[in-house]
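> Can you read through this structure? Questions will come right after.
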Amino acid sequence: MLSKEDNELITRVGPGTPMGRLMREYWIPALQTEDLDGPDSEPKRVRLLCEDLVAFRDSHGKVGLVAENCPHRGASLFFGRNEEAGLRCVYHGWKFDTTGACVDMPNEPPESNFKHKVKVTTYPCQERGGIVWAYMGPNDVDAQLPDLEWARVPDSHIYLSKCLQECNWVQALEGGLDSSHISFLHSKLDRSTIAAPRGSVLAEQFGGADQHPRFAVRETDYGFVYGARRNATNDQYYWRITQWLLPFYHIIPAEDGAVVTGNAWVPIDDEHCWVYRASWHPDRPLTEAEIRDYRYGGVMHEEVDPVTFRPRANMRNDYLVDRDVQRTESFSGIKGIQAQDMAMIETMGPICNRAREHLGTSDTAIISMRRRLLRLARELENGDVPHAAIHGEAYRVRSAALLLDRGIPFDEGARERLISPA
Ligand code: FES
Ligand SMILES: [Fe+2]
């Protein structure tokens, strides 16, 4: 459990909050590259860390991310004219470039120097891996993009989706770090098998047999790696090894040679987050069948409304739970791994009350994550910048799912497998 005070501290990310300050030390996904079509794109609203922003691509193709409200009298720059290397407010014509400088102020006398005194709040952006990354913190000289594998593979190797999740980002992340629920929520009725990406032979064989795995967490520079250990054979354990990468990334365990899937739960505000979900193969293009499966299958990547990104199965329709299916086929009666997760996580409430929980040994990873976030937020108040925020290479890791001889610590036995080469 967490005290009311710590729950506030860990969940709130608005400007000036301790967790908001920590979050702003990292480059974070702001929107998808494809959201901004070519030069002089239509401006797009972006809400991020409780701030209302507008993104646009200028005449040179450079992305600008500015505060939505015009510094003149607060009209929305969403309605702005994106023209000749800047975004022009349609109220009185003030124009701003991607650095935030006011480059034209046509309703003031030409001899006035006023435009040089005005700036719109702006955040630096970089594009990589189909994402426009933004840095909203105080030190964009040292901060580095996280060198996540999915953001480095060629476009042909990755399928990236975005989905709206209507709850606080911490509980969404906790859902990803909670390894024990897969033997229940994502299982068939007899719980003989657990849900895992296609080609997960070991998950089919050993995932369902042992429903109370043991957990081991190792803290790292980037967050932690943890192993969930299930009994497999007399000599071996089945290990599912996964990472939490600061502040909100997670990689689902994948077997050697399989497609890997990972998530980013990016806070829109304290009660909503984006789920960016990447499925990628480190070494080969995805096949047409795989892409079709992600796009239309509704299992690994949820079907969403193309405008709001709200999933088809959502809290308003009880995630389309089918009681017949629940009686006869699947443990939950809800179709799709992502929908199953959301049904459990969103219905905890927009910000779950952690003072009322009863955590067990299966919640080890969640407990570690919370302690680490709270510690980092407090350390930052004393001026200690988190290591991974300024060391992008710390993120070059990969998950694993494999059999290891009993007696071998998981991080030793899987050492090579857990590295994503530069
Ligand atoms: S409010 Fe934008 S130019 Fe006046
Ligand atoms: Fe899940």
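> With θ set to phi - 60° and the Karplus curve 6.51 cos²θ - 1.76 cosθ + 1.60, what are the ³J(HN,Hα) couplings of the range 36-50 in order, to the nearest whole Hz, using x for Gly and Pro?
My calculation for the range 36-50 gives 10, 5, x, x, 6, 5, 5, x, 10, 6, 9, 10, 8, 6, 6 Hz in order.
> Using alpha carbons only, what's the Rg to Rh ratio of the range 292-422 with Rh from Kirkwood? Display every interim value, and only then the final one.
On the way: Rg = 19.9 Å, Rh = 19.1 Å.
Computed over Cα atoms, the ratio is 1.04.
> At 1.4 Å probe radius, can you tell me the per residue accessible area of the chain in Å²? All intermediate terms of the calculation are to be shown ahead of the outcome.
Details: 18620 Å² over 422 residues.
Per-residue accessible area for the chain comes out at 44 Å².
> Give the ranking of Thr261, Thr364 by solvent-accessible surface, highest area first, calculated with a 1.4 Å probe. Walk me through the intermediate numbers first.
Numbers: Thr261 0, Thr364 45 Å².
Per-residue accessible area, sorted high to low, gives Thr364, Thr261.
> Can you sort Asp384, Asp190 by solvent-accessible area, 1.4 Å probe, largest first? Before the final figure, lay out the partial values.
Numbers: Asp384 85, Asp190 110 Å².
Accessible-area ranking of Asp384, Asp190, largest first: Asp190, Asp384.
> Explain nothing, just compute: Karplus ³J(HN,Hα) = 6.51 cos²θ - 1.76 cosθ + 1.60, θ = phi - 60°, for every residue of the range 164-181 in order, whole Hz, x for Gly and Pro.
Coupling constants for the range 164-181: 7, 10, 9, 6, 5, 5, 5, 5, 5, 4, 4, x, x, 8, 8, 6, 6, 6 Hz.
> Within the accessible area of the range 71-134, what % is carbon and sulfur when the probe is 1.4 Å and the other protein chains stay in place?
Details: 1690 of 3370 Å².
Result for the range 71-134: 50 percent of the exposed heavy-atom area is carbon or sulfur.
> Rounded to the nearest percent, how much of the accessible area of the range 257-334 (1.4 Å probe, protein heavy atoms only) is carbon and sulfur? Walk me through the intermediate numbers first.
Details: 1920 of 3830 Å².
The C+S portion of the solvent-accessible surface of the range 257-334 is 50 percent.
> Exceeding 19 Å between C-alpha atoms, which entries from my cross-link table qualify? They are Lys95/Lys119; Lys95/Lys117; Lys44/Lys162; Lys44/Lys115.
Working: Lys95/Lys119 10 Å; Lys95/Lys117 13 Å; Lys44/Lys162 16 Å; Lys44/Lys115 25 Å.
Violating the 19 Å Cα-Cα cut-off are Lys44/Lys115.
> Under a Cβ-only charge scheme (Lys and Arg +1, Asp and Glu -1), can you give me the dipole magnitude of the chain about the Cα centre, in debye to the nearest 20? Can you show the working numbers first?
Numbers: 49 positive and 62 negative charges, 111 e Å.
In debye, rounded to 20, the chain gives about 540.
> So how do 137-149, 165-177, 286-298 stack up, highest first, on mean other-Cβ count within 10 Å?
Working: 137-149: 17.0, 165-177: 24.5, 286-298: 14.6.
Highest mean packing first, the order is 165-177, 137-149, 286-298.
> Here's something else I'd like to know. If you keep only loop residues by DSSP, which trypsin sites (Lys or Arg not before Pro) in the range 1-80 have at most 11 other Cβ atoms within 10 Å of their Cβ?
Values: sites: Lys4, Arg12, Arg21, Arg24, Lys44, Arg45, Arg47, Arg57, Lys62, Arg73; in loops: Arg12, Arg24, Lys62, Arg73.
Listed in order of number, the matching sites are Arg73.
> Would you check the accessible area of Thr220, probe 1.4 Å, heavy atoms only, in square angstrom rounded to 10?
40 Å²
> Rounded, prolate or oblate, given the Cα gyration tensor of the chain, with a/c below 1.5 counting as rounded?
Details: a/c = 1.93, a/b = 1.79, b/c = 1.08.
Prolate shape, in that a/c is at least 1.5 and a/b is the bigger ratio.
> Please label the shape of the range 63-148 as rounded, prolate or oblate, based on the square roots a ≥ b ≥ c of the eigenvalues of the alpha-carbon gyration tensor (a/c under 1.5 means rounded; beyond that, a/b larger than b/c means prolate, else oblate). Could the numbers behind the result be given before it?
Details: a/c = 2.69, a/b = 2.01, b/c = 1.34.
Cα axes put the range 63-148 in the prolate bin.
> To continue, here is another question. Residue-wise, which Karplus ³J(HN,Hα) couplings in Hz belong to the range 349-366, taking 6.51 cos²θ - 1.76 cosθ + 1.60, θ = phi - 60°, and x for glycine or proline?
Running phi through 6.51 cos²θ - 1.76 cosθ + 1.60 with θ = phi - 60° gives x, x, 10, 6, 8, 7, 6, 9, 7, 10, 8, x, 5, 6, 9, 3, 5, 4 Hz.
> Let me cross-check Phe114: its accessible surface, 1.4 Å probe, with only protein heavy atoms counted, in Å² to the nearest 10?
Only protein atoms counted, so the area is about 90 Å².
> Additional query: If a/c stays under 1.5 just call it rounded; otherwise compare a/b with b/c (prolate if a/b is bigger, oblate if not). Do that for the range 1-113, with a ≥ b ≥ c from the square roots of the Cα gyration tensor eigenvalues.
Details: a/c = 2.98, a/b = 1.85, b/c = 1.61.
Prolate, because a/c is 1.5 or more and a/b exceeds b/c.
> Something else: Quick one: order Met342, Met1 from most to least accessible surface, probe 1.4 Å.
Working: Met342 5, Met1 130 Å².
Ranked list, largest accessible area first: Met1, Met342.
> With +1 assigned to the C-beta of every Lys and Arg and -1 to the C-beta of every Asp and Glu, and no other charges, what is the dipole magnitude of the range 1-42 about the Cα centre in debye, to the nearest 20?
Details: 4 positive and 9 negative charges, 92 e Å.
Its charge dipole is roughly 440 debye.
> Kirkwood Rh, the range 339-387, all Cα pairs: how many Å? List each step's numbers first, then the result.
Working: mean 1/r = 0.0763 Å⁻¹.
That comes to 13.1 Å for the range 339-387.
> Tell me the label-point distance for the pair Ile419, Arg371, using the 7 Å Cα-to-Cβ offset, in nm and rounded to one decimal.
If labels sit at Ile419 and Arg371, their model points lie 2.9 nm apart.
> In the range 347-419, what trypsin sites (Lys or Arg not before Pro) fall in a loop by DSSP, with at most 14 other Cβ atoms inside 10 Å?
Values: sites: Arg354, Arg356, Arg370, Arg371, Arg372, Arg375, Arg378, Arg396, Arg398, Arg406, Arg415, Arg417; in loops: Arg396, Arg398, Arg406, Arg415.
Passing both the DSSP loop test and the Cβ count: Arg406, Arg415.
The values are calculated or read from the model by the stated rules, or taken from the named source; none is laboratory data. What you are looking at is a predicted structure, and each value in this text was computed from that prediction instead of being measured. Quick reminder, even Gly has a Cβ in these numbers, built from the backbone with ideal geometry, and neighbours come from all protein chains shown. Side chains are part of the model used for accessible areas, which takes the heavy atoms of the whole protein and leaves out ligands, DNA and RNA. Shrake-Rupley method; radii C 1.70, N 1.55, O 1.52, S 1.80 Å.
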